[in-house]
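The values are calculated or read from the model by the stated rules, or taken from the named source; none is laboratory data. Note that the coordinates shown come from a computational prediction; the quantities given were computed from them, not determined experimentally. Positions of Cβ are backbone-derived with ideal geometry, glycine not excepted, and every protein chain shown enters the neighbour counts. When the accessible area is computed, the model is the full protein with side chains, heavy atoms only, and any ligands, DNA or RNA have been set aside. Shrake-Rupley method; radii C 1.70, N 1.55, O 1.52, S 1.80 Å.
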Amino acid sequence: MYIVPIAWLYVALMMAVAEATNTTGTVLGGIITFVLYGLGPVALVVYLMGAPARRKAIKARDKAALESLRAAATEAPPAKAAQTLPEGPQDVAAAHSRHATPASGTAGKEP
C-alpha cells in the first residue's frame, strides 16, 4: 500500500537533488521542490487513504462504549419495590412531604 508514496517521494527527492545541483539551481529551490512536489501531495494522499480505517476505528470504539454501557445498565441493582413513580399531583405532594427536610423540623408529620 505504501509503495506508491515511497516511490513518489523518491522521484521528488531526485527532482530536488537535480534542482539543487544544477548550475542555475539553488538549495532553497531543491527544498521547495521536495516539499511542494513530494511531501505535501504524499501527506495529503496518505491522509485521504487512511480515512476509511479511521472511520472504522471510530465505529468500533463507539460500539465498544455502547456495549459497556449496556452491560453496566444490566448489572445495575434493581430499584426498590417500595419506591414507585408518582401517579398524580397528590402523590407528588405526599412523596415530597415524606422526603423533604424543612428547617422547622416538621419532616414526615401528617397535616
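At-a-glance table
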{"read-out": "Search result, residues across the range 1-53 that are in contact with a Leu (Cβ under 8 Å, 6 or more places away or on another chain) and open to solvent by less than 70 Å² (accessible area, probe 1.4 Å)", "value": "Leu9, Ala12, Phe34, Gly38, Val42"}
{"read-out": "Near pairs, Cβ below 8 angstrom, 6+ apart or cross-chain, from the range 61-80 (open to solvent by less than 100 Å² (accessible area, probe 1.4 Å)) to any residue that is modelled with pLDDT under 85 and of a type in the set (Phe, Trp, Tyr)", "value": "none"}
